[in-house]
Amino acid sequence: MSIRSRLIKGVLLPIDEWREGRRILPLLRRLERSQYGDASLMERERSLKLRRLLAHAYENSRFYRERFREAGVHPEEIRDPSDLRRLPPLTKADMKAHLEEMVAANVPRGYLHRSATGGSTGEHTPFYQDAECLNPKIALEYRFNRWAGWDVGEPIAFVWPAIQDFAGTLTLRTRLRNALLDRRLMLYCGRLDELTLAEHARRLRDFAPTLIRAFPNPLWLLAQHLNENGGAPVRPRGIITVGEPLLDAQRALFEEVFGCPVFNCYVSRECGNIAGECEMHRGLHLNAESLIVECLHNDRPVEPGEPGEVVITDLENRGMPLIRYRIGDIGSLMPGPCACGRALPLMSMQAGRISDFLVSPHDRSYVSGASLCHYLIAEGPGVGQVQLLQKSIDELTIRIVRDRAAATDERHHFEAVIREIFRGKMRVRYEVVESIPREPSGKYMFCKCLLNQESRSPGANDGESTR
Ligand SMILES: [Zn+2]
């Protein structure tokens, strides 16, 4: 560790935390101990946290009080995670319909941050988090980062298509703080062409991060660019992939190009870092101190190793409790301890979050599904289920479920966004459907590129439509 990193970790960040009233570093120290602690002790502490959360939700949230009443359960009757089944799962539709009633009345509005679920599920669901829960959530992310070779005070690069995370990064205060304390390089990957890839590669080399946190699809393009264009190697200690399923071929390429191990991680906007790989790479360890994860099929728990719908109870967010939240992913809990010695249970992800890149007919640049979804849905006039299919280079099919089909202002918004992003070169076709079909994995995809490999590469110059 460099002198600069040591100075940040040992002196500057502790002073900053004291000044700002944060407590990420002490929480991280506690998490570093608890991961190797006694599993039964962790389970007892978790049950205690759960009982506190349920009592808090019952007393302060109109929505949850009604839920308990409807289910005929009192919070005191739920003693541990296995009793949670007495409450029905929480859906995204519940969150949309009852957002304000879900918020805890005893948490001051000024302590609540409004956010919305990430783009790749094609559904934009608003939620609130209280300011206090950000401390443990950041500490949990730091713990995963440390498994991948990073330590507090060291530089991190983000290969990132989520435009909302770039808001405020250019203010003088943020830039100063970043240079002195946070040491983050944010590389925007919502649109990638050869020029942008070359610029990202140059900045990545200059920055020399200890860790890269990346969405696998844009990192795959960047790794290919580095591989094909030579130059000084980029050598982080580890790579953490989030946001999209990590393919075996991608992992192999990242290991080869960056010369370091790759750690897959399951992250969501609503719940933060849910599970991450350790150095054994045989599954993802749950952040069990802060989350309860169930895997269900037809609302019943599946056997360990069997895939099921992931349902999460977040033990940290008291501003808007998420109890038995159906997050929209498929995963399974895995049996047995891990050889690394950590007491955190293991899970695996069958599908995870899926988004894809579309190819622009204007210049063959890659446009990420996550960023398109942001403009089409998060900023759109209405919230609905849609799916984009690119079957040929210059035509996009927008599938809309029937009850949204009449919304002409929505169509105008879609067309304006697509005209802007694809520089007027993409035709739009609508397909009205009863429902959006899911993938064989059970996952709903917002965006699917059905072009073959050749017509996807940047720089390909035949304008012919391909399947
Ligand atoms: Zn392990």
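Any read-out appearing in this document is the output of simple, stated calculations on the displayed coordinates, not a laboratory observation. Keep in mind the model is a prediction, meaning the values are calculated, not measured. Neighbour counts run over all protein chains shown; Cβ positions are idealised from the backbone, glycine included.
Shown is the FRET efficiency for residue 227 and residue 186, computed with R0 = 30 Å from the Cβ-Cβ distance and rounded to the nearest 0.05: 0.85. Sorting the segments 256-267, 211-222, 79-90 by their mean number of nearby beta carbons within 10 angstrom, highest to lowest, gives 211-222, 256-267, 79-90. Distances between placed amide hydrogens fall under 5 Å for residue 430 paired with 398, all partners being 5 or more residues away or on another chain. Here is how the number arises for the chain: DSSP H runs of 4 or more residues each give -39500 (n - 2.57), the sum is divided by the residue count, and the result at 222 nm is -9500 deg cm²/dmol.
I need the fraction of alpha carbon pairs in the stretch 162-290 separated by more than 22 Å, rounded to a whole percent.
40
Calculated FRET efficiency, residue 69 and residue 402, Cβ-Cβ r, R0 35 Å, to nearest 0.05? Taking R0 as 35 Å, the efficiency between residue 69 and residue 402 is 0.50. To the nearest whole percent, what portion of all C-alpha pairs in the stretch 22-122 is separated by more than 22 angstrom? The proportion of pairs with Cα distances above 22 Å equals 49 percent.
With the charge dipole of the stretch 245-326 set up from +1 on Lys and Arg Cβ and -1 on Asp and Glu Cβ about the Cα centre, the Cα lying farthest toward the positive end among the listed residues 253, 280, 292 is that of 292.
For the chain, the calculated P(r) over all alpha carbon pairs, in 10 Å bins from 0 to the bin holding the longest distance, is 4, 19, 29, 28, 16, 4, 0 percent.
Shown is the FRET efficiency for residue 52 and residue 172, computed with R0 = 41 Å from the Cβ-Cβ distance and rounded to the nearest 0.05: 0.50.
Calculate the tail of P(r) for the stretch 1-56: the fraction of all Cα-Cα distances greater than 16 Å, expressed in %. Pairs farther apart than 16 Å: 62 percent.
What the Cα atoms of the stretch 95-241 give is an Rg and a Dmax of 17.8, 57 Å. In terms of packing, defined here as the mean over residues of other Cβ atoms within 10 angstrom, the peptides 36-49, 184-197 line up highest first as 184-197, 36-49.
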